[in-house]
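The structure appears right after this line, and notes come after that.
The values are calculated or read from the model by the stated rules, or taken from the named source; none is laboratory data. Since we're looking at a predicted model, the values are computed, not measured. A quick note on method: Cβ atoms are made from the backbone with ideal geometry, for glycine too, and the neighbour counts reach across all protein chains shown.
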Amino acid sequence: MELTSKQRAQLRGLANSIDTIIHIGKDGIGDNLIKQADDALEARELIKGRVLDNNIEYDARIAAEELAKATRSEVVQVIGTKFVLYRETHSKPKDKRIQLVKTRESKKKTI
């Protein structure tokens with residue numbers, strides 16, 4: 001599912017108040033980090049990560065895109081060394097999930 005700009009803006013606002021829980025260090029993105037991110041996305045839906053200074057292999061954009069691909073999530077935002085990922089969870093009831101703003105369906109004009 002591709003996020004719209006309004007949905008990204010909503011998620012960026014929600015991400016302001018959450019702590020950074022994923023740290024990509026000198027070991028890079030390995031199986032353990034992917035498992036940790038996957039578990040965190042299933043539990044929280046929205047996570048914040050950071051590429052540490054001792055990592056010379058990745059910048060934040062590349063790390064976020066690689067981690068998003070590995071966890072089937074969406075990159076919401078990348079600023080400096082931090083990034084935000086989102087994936088809808090299926091383990092929580094619908095009323096406990098993040099409710100994204102609805103997208104407008106394109107209206108068909110008839111002539």
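Points to keep in mind about this one:
- Meeting the requirement of 2 or more residues that are surrounded by 15 or more Cβ atoms within 10 Å (Cβ to Cβ) and within 12 Å of the chain's Cα centre (by Cα), the strands (runs of 3 or more DSSP E) wholly within the chain are 46-51, 74-79, 82-86.
- Reported count of residues in region 65-103, each being modelled with pLDDT under 95, over 14 Å from Glu2 (Cα atoms) and of a type in the set (Lys, Arg), is 4.
- Sub-7 Å Cβ pairs linking a first residue in region 58-73 that is among the polar types (S, T, N, Q) to a second residue that is surrounded by fewer than 18 Cβ atoms within 10 Å (Cβ to Cβ), at least 6 apart or interchain, are Thr71/Ile34; Thr71/Asp38, ordered by first then second residue.
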